[in-house]
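Visitor: Please read through the structure below; I'll follow up with questions.
Values quoted throughout were computed directly from the atomic coordinates according to the rules given, and no laboratory measurement underlies them. What you see is a predicted model, and the numbers here were worked out from it, not measured in a lab. Cβ sites come from the backbone with ideal geometry, for glycine too, and all protein chains shown count toward neighbours.
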Amino acid sequence: MGSGEICALVDLDIHVVGGDFIAIMGPSGSGKSTLMNIIGCLDKPSTGQYLLDGKDVLNLDENCLAGIRSSKIGFIFQTFNLIPRMNALNNVEMPLIYNGHPKGKERIMLAEAALESVGLSERIYHKPNELSGGQQQRVAIARALVNNPSIILADEPTGNLDFSTGEEIMNIFLKLNRDGKTIIMVTHDEAVGHNANRIVRLKDGRIIYDGKPS
């Protein structure tokens, strides 16, 4: 900022194994978003290493990073980020299009299967403004799943939902984790965080706790 330098993350060392369900927690400004952006290959660390499946992300060009984002990582956001003019099916199809999947019956079937997996098989032709907040988040989850990524990154996935709807969404996450997906989730909600099997707490860019929910 100006002539000053801010270290968003400091001496951070974290190891994620396949099948983990991690909640990243901490106050605003603690480095959660920066960490998620690095894990999601949206940002590169200025120093150090980020090894993803044994490959150092720092050595990959933007085309390789885009390929990783489209095939290995599914993103879920607090604000859903659905395209308003498109129905649920078309929204879920978008990652398939970006990944070069040809137009046709198979692409539609993949999108339909993803929506069915989150309980929205009867809402596939509804646009976002015709869906509740919980249904929109289910569409967002289906969109994240459609390319069958091994890692799901979720940024405050229940932040815009009421308590009961948030519980429904967390039950979907728990099922995905039981099915083998690695889930890394940012949340401010202690109750939501305790659904994870591991909590990483940040403060001033440093890890102050890494272990089981207490």
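Visitor: Quick test for you: out of ARG123, ARG143, ARG201, pick the one residue that is in a helix (DSSP H, G or I) and surrounded by 15 or more Cβ atoms within 10 Å (Cβ to Cβ).
Guide: After ruling out the rest, the residue left standing is ARG143.
Visitor: Okay, moving on. When the residues of the range 81-98 are narrowed to those that are among the aliphatic types (A, V, I, L, M), part of a loop (DSSP other than H, G, I, E, B) and in contact with a helix residue (DSSP H, G or I) (Cβ under 7 Å, 6 or more places away or on another chain), which ends up farthest from ALA144 (Cα to Cα)?
Guide: Of the range 81-98, the ones among the aliphatic types (A, V, I, L, M) are 82-83, 86, 88-89, 92, 94, 96-97.
Filter once more, so that each one left must be part of a loop (DSSP other than H, G, I, E, B): 82-83, 86.
From the residues that got through so far, the ones that are in contact with a helix residue (DSSP H, G or I) (Cβ under 7 Å, 6 or more places away or on another chain) too are 82-83.
Working: LEU82: 11, ILE83: 14 Å.
Ranking the candidates gives ILE83 first.
Visitor: Counting just the residues of the range 99-118 that are assigned to a loop (DSSP other than H, G, I, E, B) and in contact (Cβ under 8 Å) with a residue 24 or more places away in the chain, which one comes out nearest to ASN171 (Cα to Cα)?
Guide: Checked the range 99-118; the qualifying residue nearest to ASN171 (Cα to Cα) is VAL118.
Visitor: Here are the criteria: (1) more than 17 Å from LEU82 (Cβ to Cβ); (2) buried (at least 20 other Cβ atoms within 10 Å of the Cβ); (3) over 17 Å from the mean Cα position of the chain (by Cα); (4) not aromatic (Phe, Trp, Tyr). Tell me which single one SER164 does not satisfy.
Guide: Single failed check for SER164: (2).
Visitor: Counting just the residues of the range 160-198 that are in contact with a helix residue (DSSP H, G or I) (Cβ under 7 Å, 6 or more places away or on another chain) and either of a type in the set (S, T, N, Q) or assigned to a loop (DSSP other than H, G, I, E, B) (or both), which one comes out farthest from ASP13 (Cα to Cα)?
Guide: THR165
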